[in-house]
Amino acid sequence: MGSPKLNTTKEALIVNKQTDAEKASTPETIPASSVTRGTFLKGAAAATGALLAAPAASAFAASSSRMAAPFFPKSPAGQIVIWDRAGDLFQVFDATIPAFNKKYPNITVKHVAVDVDTKLPTTLATGVNVPDGAFYEDNNLPIQAAHYTDITKWIQPYVADILPYKLAVNTSHGRIVGIPFDLDPGLLYYREDLLAKAGVDPNAIKTYDDLFTAARTVNQKLRIKPIRLEQTPVSGQQWVEMFANQQGVSMVDANGKLQINSAPYSRIMEWLQRVSTAGLGTRVPLFSPADISAVNSGQIAFFPYAIWALYGIQFLFKKTTGLWRAMPLPAWTPGGARGGVMGGSSFIIPNQARNPELAWLFYEFLMFNPAGYRAVFGRNKIYPGGINTLLPSYKPALAHQLFENPAALGSQDLWNVAVSVAKEIPGSYYYAPWFNQAVSYFGNDVQLLLDGKLTPQQVLTRSSSDIQSKLINRS
Amino acid sequence: MVANVSRVPTKRRTAARLAIGDLARHLALLLVALAFLYPLFWVTISSFKPGDDIATSPLSLDLGNLSLDNYSSLLSAVPMGVGFKNTAIVVIGKGLLTMFFCPLAGFAFAKFHFRGRKVLFTLVLGTMMLPPIVFMIPLLLEMGTLGWVNSYQALILPGSIGAFGIFWMRQQISEVPDDLLDAGRMDGCSPFGLFWRIVLPVLRPALAALAILTFIDVYNDFVWPVVIINSNDMQTLQVMLSAVTTQINNAQIGTTGQSAWGEILAACALATLPLLVLFVILQRHFIQGVLAGSVKG
Amino acid sequence: MKALDAQRIPPAATAAAFFRARRWVGGSFAPYTFILPFFVVFAAFGLYPLLYTFRLSLTYWHGSGSPRFIGLSNYSFLLTDSLFWQSIGNSAFLWLLIVPVQTVFSVLIAVILSAKTLRLRWLFRTAFLTPYVVPLVAVAQIWLIFFDGTDGAVNTILHMAHLPTAGWLTDPTWAKPTMALMVLWKNCGFSILIMLAALQSIPEALYEAAALDGAGAVRLFWRITVPMLRRTISFFVIIATLGVLQMFAEPYVLTQGGPYNSTTTAGYHLLDYINNADFGTGAANSFLLMLLVIAIALLLPWLLRMGEE
């Protein structure tokens, strides 16, 4: 089955707290005209104190002033309906609305928790009850791209400071149609204590071959199958894409040409097969009871995954909290990139929205305005230590540490690790419109490989021909 | 009465064998009944247990930790009352339409000879062969054009007069003695009067069964409502239940990572309760209604 | 106006036409008005979407712009697509798992329930019907917990009895039987009721006569009960077959078609296209499914009647 809509990703999902009442916000009595973008930014920069740690990557420091002429009237007014998936992120965004209203007191935000993955496609198709903005996963973006508002001119001031791959993901036919949200670099999470017990030095793991060797040592000494292998087909396909991204490729190139049957993917498949046949892998579906039980019982020592696996480490795998550490992914070739992207989401503004400009102002605030992105990613009521399972994809936001070092990782400086990894991410990460449908072919075939039923070459050949004939040729 | 497949006893030994057969019968039925009832019983008990316990030790009969926590947590997060209200509206709306028009059409097919009766009835039967899922998307688009997305009309009207209902009612009504109807006609009753004053009263048990069956079907229907409902205030109970279960895929609630199975089961219990209560009260009517008009193929 | 006057039909003639028409249709227009609501509702919410589906199935449309006509291309794609045939195969296999078992089980239980010396009949009947009343979404949750691969009740019991366990809902080999079990559990109550109703209509006299001839319980069952039940069983098999073929909700709530599309039924498969905004292919799939159901609905009674000979 190709649709990931019924599979969760990183965010915990809280049961919908929406009431019928409109989410009217309380406008502050700041005269809007006195707050220009410049004064606001300066004020915000001065106000942030507690979260400033040693700047990790000065490479990401913002260019000084980026003041663009405002596109909109000084005091925009109206109501916008914003859709977000139910869960902790919904609550986080909800909590940012007062801050947004400080800047734009006359914009009312009606924030609705919706199962966006199921509702948005049909809503866009029927054109009924279309929201002004919605959260949407990147792999779903291309499918409905024709229904989004072209925001190229609005986002122009920020384009230079957005990570290139994320911008590419939000671009359709040369037009930018989405507002980038998160950067999800892949990391290798490992059990420090288990590795110590087995006498393995994590710093010696520089390539996937090294990881294999290390896993074998752990296996021999501790009798466990330490490498976590993903069993959910759709997450598995994203996972493989992470490995591919490290090597500078994705399932399609910039022109949409299929490139699965190639050396980088071959390397991935062969490594997966090696791990599997050597009995070094524990295969579990993402965040399932089996996953929880395998981790809690010490079966898994290596968890190569998106940064948001930390959600599991903090909240699900309770028995092992504090014992995990994070390091960059190994490289596929000596000296190769040790960073890759896995998944991610963005925001879209339907072109049938009633107030697209106001929705843009909302997302602009959340993503590119320090008060906004600090409220989202940094300390907030929902996450007192900040969201440590995601990074912003906006370089100035990456300049200063936004979340506290997680206790679940023994207060390791995760921020630095993640941001330095993010620097290495190759830019070529593209989602084809048929990515979700490909799960029935490629995603399933990868699982069959891990089942031992297909060889690496069979997976690549078969998936390639299936995708080419059934998905690409029919587009 | 009921058919009896046991032998007429002729010897003492067969009397004993009869008794054993009787015991065996009761035992077998008891086992089957337990298998049918246990899961529901389990849901009810477990809905009072903490979520983590449900996931890790589902079978434990440890009644130590029972509480209403799951229910309060569920109700504070999900406005189930809204679901009940919407379901009630849809059930009543659709139910009334079915209960009125199905017997009416069944009456027409059973007791009138009119041109094209056979063809038209075959058409009616034919609609039963159309899989409902086939209609989903075009119906959704149609509702979009009509502006009926997320409305009560969209929940009530499509499929409000089912072919099965007509088929069954026709079956029942054809058993009504013609003399009754002739007498009515001679009294100067209009065709509709015949229906209202003569047929319906006679049909009471079958009508009760139809009502209950319709109630169950409409109450439990969730595929179409999930597709057509767009906003939270129009959700029916099943849509809410469906949302509660699919949005808690990995059974986690909140940042504490606690298992949400408790809330899910509480939602299931709440959603099942009204129907179950109604069913237990009315089961005799339902069963009699079905048995009275035994299907003769 | 003069021209209109000349065209106006004299009232007597209209009345005559009216009465003639009424006689022609059988004496009353009433039955037509009685059945009209059904056809109106069906035309509006059944026929129209159906025609629309057919038209859509001949196009390429992904939700924006206008549909592009591509003829039977969607159909030729589906008919040569392994996933499509897999979904048909899944439905066929599920049929095998569900219909025979349900039929036999219902008949047996109904027979036992009909025993004269049975007490608490109403209790048993209610018990058997209870699962039918429980919402499918709730039943699926029960199944998800009970049959969970690691902590499920079923595996716990099997483990205690030193029997092999399995990933009931995660192993492609076991997902279908587990889902079939759910369908059986939920629906047997209703089929038992149908069989009970049919059993009632068998005249007592037949049994008494045969019993006097010295026939045993088993002989009575095969010689009298089964033949008399034949029509009901045929009817039930047809209804159940149509139900299994169209099965959508069960995979939707339980397995979402997985693992590896092993529980993607013919009815569920089209959801894939809908979710990916491939409406043209989805419509073609819907239409093919409909043709399949109609074909079987027409073929099956004929087959069953052949078996009756």
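What to note about this one:
- Number of positions in segment B:147-191 that are within 14 Å of chain A (Cβ to nearest Cβ), among the small types (Gly, Ala, Ser) and surrounded by fewer than 20 Cβ atoms within 10 Å (Cβ to Cβ): 2
- Unique residue being within 14 Å of chain B (Cβ to nearest Cβ) and either exposed (fewer than 13 other Cβ atoms within 10 Å of the Cβ) or in contact with a helix residue (DSSP H, G or I) (Cβ under 9 Å, 6 or more places away or on another chain) (or both) when the list is C:Thr14, C:Thr53: C:Thr53
- Residue that is small (Gly, Ala, Ser) and either closer than 23 Å to B:Leu276 by Cβ or in the same structural domain as B:Arg204 (by TED's automatic domain parsing) (or both), where the choices are B:Ser47, B:Ser57: B:Ser47
- Listing of helices (runs of 4 or more DSSP H) fully contained in segment C:145-233 that carry 3 or more residues being more than 7 Å from every other protein chain (Cβ to nearest Cβ): C:153-160, C:172-200, C:204-212
- Number of the exception - A:Pro202 against (1) of a type outside the set (A, V, I, L, M, F, W, C); (2) surrounded by fewer than 22 Cβ atoms within 10 Å (Cβ to Cβ); (3) in contact with an Asp or Glu (Cβ under 6 Å, 6 or more places away or on another chain): (3)
- Elements of type helices (runs of 4 or more DSSP H) in segment B:105-212, at least 2 residues being over 22 Å from the mean Cα position of the chain (by Cα) and at pLDDT 85 or above: B:117-127, B:136-146, B:178-186
- Residue within segment A:215-231 that is polar (S, T, N, Q), assigned by TED's automatic domain parsing to the domain that holds A:Gln246 and within 20 Å of the chain's Cα centre (by Cα) present: yes
- Test: residue in segment A:257-271 that is over 22 Å from A:Leu448 (Cβ atoms), away from every other protein chain (no Cβ under 14 Å) and surrounded by fewer than 17 Cβ atoms within 10 Å (Cβ to Cβ): yes
- Residues that are part of a helix (DSSP H, G or I), in contact with a His (Cβ under 8 Å, 6 or more places away or on another chain) and at the interface with another protein chain (Cβ under 8 Å from one of its Cβ atoms), drawn from segment C:263-289: C:Phe279
- A single entry from A:Leu163, A:Leu124, A:Leu141 fulfils the requirement of being buried (at least 21 other Cβ atoms within 10 Å of the Cβ), within 14 Å of chain B (Cβ to nearest Cβ) and not charged (D, E, K, R): A:Leu124.
- C:Val111 being touching a residue at least 40 places away in the same chain (Cβ under 8 Å), facing chain B (nearest Cβ under 7 Å) and over 30 Å from C:Gln200 (Cβ atoms): no
- For A:Gln299, the conditions (1) in contact with a strand residue (DSSP E or B) (Cβ under 6 Å, 6 or more places away or on another chain); (2) surrounded by fewer than 21 Cβ atoms within 10 Å (Cβ to Cβ); (3) among the polar types (S, T, N, Q); (4) away from every other protein chain (no Cβ under 12 Å) are fulfilled apart from (4).
- Hey, B:Gly81 in contact (Cβ under 8 Å) with a residue 60 or more places away in the chain and either in a helix (DSSP H, G or I) or within 23 Å of the chain's Cα centre (by Cα) (or both) or not: no
- Selection status of B:Val32, outside the structural domain of B:Ser190 (by TED's automatic domain parsing) and out of contact with any Lys or Arg (no Cβ under 9 Å at 6 or more places or on another chain): yes
- Scanning segment A:333-354 for residues that are in a loop (DSSP other than H, G, I, E, B), at pLDDT below 95 and surrounded by 20 or more Cβ atoms within 10 Å (Cβ to Cβ) yields A:Arg338, A:Gly339, A:Gly340, A:Met342, A:Gly343, A:Gly344, A:Ala353.
- Taking every residue in segment A:400-413 that is outside the structural domain of A:Ala309 (by TED's automatic domain parsing) and within 11 Å of A:Leu323 (Cα to Cα) and pairing it with any residue that is in a loop (DSSP other than H, G, I, E, B) and polar (S, T, N, Q), at least 6 positions away or on another chain, the pairs with Cβ-Cβ distances below 7 Å are A:Ala408/A:Thr321; A:Ser411/A:Asn405; A:Gln412/A:Asn405.
- Residues that are modelled with pLDDT under 90, more than 20 Å from the chain's Cα centre (by Cα) and crowded, with 22+ Cβ neighbours inside 10 Å are absent from segment C:172-184 altogether.
- Segment B:230-258: number of residues that are modelled with pLDDT of 50 or more, facing another protein chain (nearest Cβ under 7 Å) and not in a loop (DSSP other than H, G, I, E, B): 9
- Within segment B:133-146, the set of residues being facing another protein chain (nearest Cβ under 7 Å) and of a type outside the set (A, V, I, L, M) comprises B:Phe135, B:Pro138, B:Glu142, B:Gly144.
- Which listed residue is at the interface with another protein chain (Cβ under 10 Å from one of its Cβ atoms), in a helix (DSSP H, G or I) and more than 25 Å from the chain's Cα centre (by Cα), from A:Leu448, A:Leu460: A:Leu448
- Yes/no for C:Ser76 being part of a helix (DSSP H, G or I), touching a residue at least 12 places away in the same chain (Cβ under 8 Å) and of a type outside the set (A, V, I, L, M, F, W, C): no
- If the condition is being loosely packed, with under 12 Cβ neighbours inside 10 Å and either within 14 Å of chain A (Cβ to nearest Cβ) or of a type in the set (Val, Ile, Thr) (or both), then segment B:49-71 contributes no residue at all.
- C:Leu36 vs. criteria within 10 Å of chain B (Cβ to nearest Cβ) and within 28 Å of B:Trp224 (Cα to Cα): yes
The values are calculated or read from the model by the stated rules, or taken from the named source; none is laboratory data. On a predicted model such as this, the values are computed, not experimentally measured, just so you know. So basically every Cβ, Gly included, is an ideal-geometry build from the backbone, and we count neighbours across all protein chains shown.
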